[in-house]
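Please read the structure below before turning to the comments.
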Amino acid sequence: MPKTAGPQVERFSFAQRIEHFLLLILFNLLALTGLPQKYSTTDWAERLVRLMGGIETTRLIHRTAAVCLIAMGIWHLVDIIVTRRRPVRRHDMKIGLKDILDLIGDIKFLAGMTRDRPRFGRFDYRQKFEYWAVLWGTVLMGVTGFIMWFPEVFTRWFPGIIVPASRVAHGGEALLAIFAVILWHFYNAHFRPDIFPMDPAMFSGKIPVERLQHEHPLEYEELRKLGVAPADEGDPSPH
């Protein structure tokens, strides 16, 4: 069970928590309405489509959720531009050499080859990789989805093979995204021993200073310099 006692600092703004909640809803809607279309010849898919009111209703829900996800992606980009000049960077998701070195260092730590784990900033390499996977997946799914939605438009400019190719890419990326959420995100956000059954930070917006100091020490030090984070009892730095 994650610790929630003691002083806390803001990790996610209200807007970011709303964005996460919408992503959760839209992702599940897209999976629920998309998989039956991919496996339309199976019995379970046919039953699920009937339960949702038929194939036309299923497609309408799927496309509406897709348009909402794209709109949310645009909102996200605008938010990045607006907040990029703030003293505390809320969207520092750039992958750099340090992240590669952190990955190598973390593998060594987990393999028992070193006693010291890499010191992470606001987001570690795992969170950055997942973020860019979501971003790339949204772009790919959006482009291929529109090609399948309006094939007569795109085949005016591109060879006809772009439609079946988009269908393959769309379905493959969908399965990859679902398995990534189940195997990667669920573990890091729910099943990891130190936060089981759930990381409350994305819902409360707060993270205990003790946990911040342990998991994101570089961000903790930055917030201490800015006077945002209170000192934790175990903080060895001068006050």
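Of note:
- Mean Cα-pair separation over length for the chain, i.e. relative contact order, pairs under 8 Å, 6 or more apart, %: 33 percent
- In the chain, the longest principal axis of the Cα atoms and the axis of helix 14-38 are about 30 degrees apart.
- Label sites at ARG115 and THR155, each approximated as a point 7 angstrom past Cα along Cα to Cβ, lie 6.7 nm apart.
- Binning the alpha carbon pair distances of the stretch 126-239 at 5 angstrom intervals from zero yields the distribution 2, 10, 14, 14, 11, 11, 9, 8, 6, 6, 5, 2, 1, 0, expressed in whole percent.
- Taken one residue at a time, the phi angles of the stretch 164-176 give Karplus couplings (6.51, -1.76, 1.60, θ = phi - 60°) of x, 5, 5, 5, 5, 5, 5, x, x, 5, 4, 5, 4 Hz. Gly and Pro are set to x.
- Modelled spin-label separation between ALA165 and ALA15, with each label point placed 7 Å from Cα along the Cα-to-Cβ direction: 3.8 nm.
- Amide hydrogen proximity for VAL9: with H placed 1.01 Å from N in the peptide plane, the residues at 5 or more positions away or on another chain lying under 5 Å are ILE207, VAL209.
- Each part reduced to its alpha carbon centroid, the stretch 1-63 and the stretch 199-221 end up 27 Å apart.
- (i) 63, 36, 31; (ii) 66, 37, 37; (iii) 57, 43, 33, with the label sought being that of the calculated Cα extents along the principal axes in Å: (ii)
- In Hz, Karplus ³J(HN,Hα) per residue of the stretch 129-146 (6.51, -1.76, 1.60; θ = phi - 60°; x = Gly, Pro): 4, 5, 4, 5, 5, 5, 5, 5, x, 5, 5, 4, 5, x, 5, 5, x, 5
- LEU51 paired with VAL143, simple spin-label distance in nm, labels 7 Å along Cα-to-beta-carbon: 3.4 nm
Here, each number is a calculation from the coordinates, and none is a lab measurement. Please read these numbers as outputs of a predicted model, since none were measured by experiment. As a convention, Cβ positions derive from the backbone with ideal geometry for all residues, glycine included, and neighbour counts pool all protein chains shown.
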